[in-house]
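Report on the following structure.
Values in this text are rule-based calculations from the coordinates and carry no lab data. Fair warning: this is a prediction, and the values are worked out from it, not measured in the lab.
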């Protein structure tokens, strides 16, 4: 005959184990829901873009040396601001339908991001931390396509209209490049203007693009409805 105490333990322990397993499973599901919660929305009055917590983590994963487990509130908020800017550009870009980024363009962007990291294994490790299985993960590919599309829009909308005059280049060489070079490289021979002209033109072009883009984003942000749904 079984000991009544053993019978009691059996009748009590097995249901408790089942309950603990169920609670553990429930908590895992709830944790996934928290990770994927919507953090903010960006709307132009016609279309609305959602920004999720996962979007923030994915953004941080592509920035070398930023802590991921757990991410800091400051880093999450910086990522949020970056993504808001990206979504504002995306909403504007949708007004001018353009061809989808080509596979080679996407692969080129992946290589560019990969080169920011100390090694391929470190890059893949960070992708894995935030849930990407590999660079072929559909969500990762989607992010890369969005980046390429955004850069192509900036190229079309801003960079292609920038005009840098010879006077601009010479003024930069005399007033910025020359004193900066001599400060950084005392004793070295100053490169002649023609030798660094292309470099100066690139610098001035990017400065103008950045200035125009900032004005565009300020204007777009004033017209858009940006709602923060959850603090990070």
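General observations
- Cα-based equivalent ellipsoid, region 35-154: semi-axes from gyration tensor eigenvalues, Å: 23, 19, 11
- Calculated over region 158-224: convex hull of Cα atoms, volume per residue (Å³): 96
- The Cα atoms of region 61-115 give a gyration tensor whose axes a ≥ b ≥ c have a/c of 1.5 or more with a/b no greater than b/c, which makes the shape oblate.
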